[in-house]
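Heads up, the thing below is written out as structure tokens.
What follows is calculated from the coordinates using simple rules that are stated; it is not laboratory data. None of these values were measured; they are calculated from a predicted model. Please note: Cβ atoms are built from the backbone with ideal geometry, for glycine as well, and neighbour counts cover all protein chains shown.
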Amino acid sequence: MELPIDPWLLEGTPAPHCKVCAALAREREEALAYGDRSKAFEASAEIRNHRHVNTP
């Protein structure tokens, strides 16, 4: 049984035209496709923390 996850863990919008963000977004999608939530969470965190991402 899998526990529900906080949707925030997968949030993170790649900055337009940023190759790093685009690569992280692909990594996140691949991780989710393989069921590797931990790797997907890490990629999302990197997207959120990348200097091209606006923070509230």
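Computed quantities for the displayed model
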item: Within the chain, helix-based [θ] at 222 nm, where runs of 4 or more DSSP H residues each add -39,500 (n - 2.57), nearest 500; result: -16000 deg cm²/dmol
item: ³J(HN,Hα), Karplus 6.51/-1.76/1.60, whole Hz, each residue of segment 23-31, x for Gly, Pro; result: 5, 5, 5, 5, 4, 4, 5, 5, 4
item: Segment E42-K19, length gained on full extension (0.36 nm per residue, minus Cα span); result: 6.6 nm
item: Environment charge at C21 (Cβ cut-off 12 Å; Lys +1, Arg +1, Asp -1, Glu -1); result: +3
item: Descending semi-axes in Å of the chain, equivalent ellipsoid built from Cα gyration tensor; result: 21, 13, 7
item: Gained length - L32 relative to W8, 0.36 nm times residue gap less alpha-carbon distance; result: 7.2 nm
